[in-house]
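One structure below.
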Amino acid sequence: MTDPLICLGIETTAHTFGVGIVDENGTILANVKDSYTTPSGGMIPTKAAEHHLECCDTVIRAACEKANLKVKDVDLIAYSNAPGIGHMLRIGTFAAKTLAHLKKKPLVPVNHSIAHLEIGRKLCKLDDPLLLYASGANTQIITYENGRYRIMGETLDNGVGNFLDSFARALGLGFPGGPLIEQLARNGKQFIDLPYTVKGMDISFGGLLTHIERKIPSVKKEDLCFSVQEHAFAMLLEISERAMAQANKQQLLLGGGVACNKRLQAMAQIMCKEREATCHIPDNQFLVDNGAMIAWTGLLMYRQNKKKAIVPLKKAWINPYERVDQIDVFWR
Ligand code: ATP
Ligand code: FE2
C-alpha cells in the first residue's frame with residue numbers, strides 16, 4: 001500500500017496566519033495559527049501583514065513539529081490565493097512559493113470560501129450541504145449546483161463579522177469584537193426593536209449599524225448587544241432557510257468565525273429542526289480561518305486532477321476579489 005498524500009496549506013486571507021498539514025484520508029496532522037488582534041480599534045491591513053511576516057516561520061515550524069515531519073516530507077503545498085486583503089494574501093503567497101521552490105513541491109492555489117465549505121463537508125461527513133458562511137469580510141449562502149458553488153444570497157454591504165467588529169469599536173472594545181459582544185449579550189435582558197433588512201435572499205447591515213451607534217449613549221450595552229445579535233442572526237437564518245427551501249437542501253453547514261457564536265448556533269439548530277433538516281457545526285478551530293481547510297481543499301483538487309490544480313511558480317499570484325462561482329469545481 002502506498003503512503004497517503006500529505007499537503008501543507010497556508011492561510012493568510014485576513015487577520016490569521018494559519019498552517020495546516022492534512023493527509024489524503026482527512027486526518028488533520030497539524031492546524032496551527034497566529035492571529036492579529038488589537039486591544040482597541042480595528043484591523044489595519046499593513047499592521048496585519050507585518051504580523052504575518054513576523055510569525056510565518058514560527059507557525060510553519062510549529063505545524064511541522066506538531067505533525068512530526070519536515071516540509072520536504074509533504075507531497076504538495078497549498079495556499080489561499082483568494083478572496084481576501086492583498087496586503088496579507090501576498091505574505092502567504094510568498095511563503096508558499098518559497099517553500100514550493102526550495103523543496104521542489106507542486107503548488108496549488110485555493111479559494112478560501114470554498115475551503116470553508118470543503119473542510120465542513122469532510123469533517124461532518126456531508127454530501128450536499130448549504131453553507132451559511134458567516135465571517136468577518138464575508139457573509140454568503142453557498143451551495144453546489146451544476147459544477148459550481150453558487151452564491152444564493154449574501155450581504156449587500158458589510159460582512160456580519162465586520163459589522164459586529166465596527167459595533168464593538170464604537171463601544172470601545174478591541175478587535176475581534178464578535179466574541180466580546182457575545183459575552184455582553186449573555187447578560188442582556190431587554191429586547192429592543194432594531195432595523196431588520198432582508199431583501200429576498202440578500203441582507204444588509206449598514207442601516208442597523210448607523211442605528212445602533214446612535215443608541216449607544218441611551219441603552220445599556222448588554223441589552224444592545226443582546227438585541228443586535230437577535231436581529232442580525234435572525235436575518236442570517238431567514239435567508240438560509242429560504243435558500244434551503246429553494247435549492248431543496250436538507251443539510252445546513254455553518255462556517256466562518258461568527259459561526260463560533262453559541263446563540264447563532266442555537267438559532268440554526270432550531271430552524272433546522274423545525275424544517276426537519278440537519279444542522280452541522282465543525283469545531284471552532286475549523287470555523288475560523290485556518291490552514292487545515294486550505295490543505296484539505298488543495299489535496300482534493302490535486303488528487304482529482306494535478307494539471308488543473310497546480311499553478312506554475314511564475315504564475316502563482318493572488319486574486320482578492322474572486323467569487324466562488326468563478327471556479328470550476330472539477331474535484332467533486
Ligand atoms: P474571511 O476571510 O472568511 O472573511 P475572517 O478574516 O473574517 O474570514 P474568521 O476567523 O472567519 O476570519 O472570522 C473572524 C470574525 O468572526 C470576526 O469578525 C470576529 O469578530 C467574528 N467572531 C469570532 N468569534 C465570534 C463569536 N463568538 N461571536 C460572533 N462573532 C465572532
Ligand atoms: Fe474565512
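The values are calculated or read from the model by the stated rules, or taken from the named source; none is laboratory data. For clarity, every value in this text was computed on a predicted model and none was experimentally measured. Neighbour counts are summed over all protein chains in view; Cβ atoms, including those assigned to glycine, are modelled from backbone coordinates with ideal geometry.
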When region 2-18 is examined, which residues are found to be among the polar types (S, T, N, Q) and within 16 Å of ligand 1 (Cβ to nearest atom)? T12, T13, T16
Pair list, Cβ < 6 Å and 6+ apart or interchain, from region 249-275 residues that are in the same structural domain as I239 (by TED's automatic domain parsing) and away from ligand 1 (no atom under 16 Å from the Cβ) to residues that are assigned to a helix (DSSP H, G or I) and at pLDDT 95 or above: L252/C272; M271/L237; M271/E241
Within region 219-235, is even one residue within 26 Å of T278 (Cα to Cα) and touching a strand residue (DSSP E or B) at 6+ places or on another chain (Cβ under 6 Å)? yes
Residue under question is E145, and the condition is that it be out of contact with any strand residue (DSSP E or B) (no Cβ under 6 Å at 6 or more places or on another chain) and surrounded by 24 or more Cβ atoms within 10 Å (Cβ to Cβ); does it hold? no
Of the residues G159, G172, G207, G178, only one is under 28 Å from N111 (Cβ atoms) and either modelled with pLDDT under 95 or out of contact with any helix residue (DSSP H, G or I) (no Cβ under 7 Å at 6 or more places or on another chain) (or both); which? G159
Could you check region 259-293 and list, in sequence order, the residues that are under 22 Å from R186 (Cβ atoms), within 13 Å of ligand 2 (Cβ to nearest atom) and touching a Leu at 6+ places or on another chain (Cβ under 9 Å)? A259, C260, L287
Tell me whether region 110-132 contains one or more residues that are touching a helix residue (DSSP H, G or I) at 6+ places or on another chain (Cβ under 7 Å) and closer than 22 Å to L208 by Cα. yes
I need the helices (runs of 4 or more DSSP H) fully contained in region 202-289, keeping only those with at least 3 residues that are within 19 Å of the chain's Cα centre (by Cα). 221-247, 262-274, 284-287
Identify the residue in region 1-30 that is acidic (D, E) and not in a loop (DSSP other than H, G, I, E, B) and, among all such residues, is nearest to N290 (Cα to Cα). E11
Out of the residues in region 183-193 meeting the condition of being surrounded by 16 or more Cβ atoms within 10 Å (Cβ to Cβ) and farther than 18 Å from G161 by Cα, tell me which one is farthest from the chain's Cα centre (by Cα). I192
